[in-house]
Amino acid sequence: MNGTAHAAVGGAAGFIVANTLQTSPSITICLVGLGAISALVPDLDIDGKLRGKITLSHKMLQTVAQLIGVLMIIYSFYEGTDAGKFLGAGVGLGIIIIASKLKQKHMLSLTGIGVLAGGSSLQESWLILFGIYILIASVVSHRSYTHSIIGVIFFALIASKLETSFGQDGIYYTCLIGYISHLVGDSKLLPFNKRGIKLFLPLSSKEV
């Protein structure tokens, strides 16, 4: 199932939850949007299509970092002391070398670190947990742990904290149903899926 279909199903889940709770039009729109986003979250894993949409291009970051490295080297030799010149030049050269090694997959890890730092700064537990989720998604293979029962449980915890933070009923069930709908959509329960998901990782790697 493609991303548009996943989002549509998740949005429908949000609408059903909103209709059940008889929420206001503005809250209904929010829940529909939240359901659509939650239905896309499992594809944040390393090879998921969503990864490239929420992260900056690694080439752009490479260029910026290398430029900073060059400027640091130049500045060190013009403004630094004798010892500072070589130290600054070494740091600048290190930045250039590290930047040259950056790949697109590293951008998801950097995004996770950013979300984690933002959550810590704002003291929002759901944001901290989501940062951890993104970091885990950046190192696991596609359709593995983010598409498993463990992924569902972890995201359910995020959803619970999110509902508590915003104090709005329906957030938890919208997020959870949206997330689960993605797993159902990618599973062999649907006849048009040639491959399924490893739902019972790490106990079993069999696709269902």
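Laboratory data are not the source of any read-out in this text; all were calculated from the coordinates shown. Computed from a predicted structure; not experimentally measured. Every residue, glycine among them, receives a Cβ derived from its backbone with ideal geometry; neighbour counts consider all protein chains shown.
What angle do you read, to the nearest 10 degrees and between 0 and 90, between the alpha-carbon axis of helix 3-21 and the longest principal axis of the chain?
Taking the Cα atoms of the chain, the angle to 3-21 is about 60 degrees.
Considering the chain as a Gaussian network with a 10 Å cut-off on Cα pairs, which listed residue, P191, P25, P42, attains the greatest mean-square fluctuation?
P191
Place a +1 charge on the Cβ of each Lys and Arg in the chain and a -1 charge on the Cβ of each Asp and Glu, then give the dipole magnitude about the Cα centre in debye, rounded to the nearest 20.
I would put it at about 720 debye.
Which value in deg cm²/dmol, rounded to the nearest 500, describes the helix-derived mean residue ellipticity at 222 nm for the chain, given -39,500 (n - 2.57) per DSSP H run of n ≥ 4 and division by the residue count?
Values: 9 runs with 146 residues, N = 208.
Taking each H run of at least 4 residues, the total per residue is -23500 deg cm²/dmol.
Which one of G94, Q168, N193 has its Cα pushed farthest toward the positive end of the charge dipole of the chain, where Lys and Arg give +1 and Asp and Glu give -1 at the Cβ?
With unit charges placed on the Cβ atoms, the residue in question is N193.
Over the chain, what lengths in whole Å, largest first, do the semi-axes of the equivalent ellipsoid take, defined as the square roots of 5 times the eigenvalues of the alpha-carbon gyration tensor? Each step should come with its number before you reach the end.
Working: eigenvalues 326, 89, 40 Å².
Equivalent ellipsoid of the chain: 40, 21, 14 Å, largest first.
With axes computed from alpha carbons, what is the tilt in degrees of helix 171-186 against the longest principal axis of the chain, rounded to the nearest 10 within 0 to 90?
Its long axis makes an angle of about 90 degrees.
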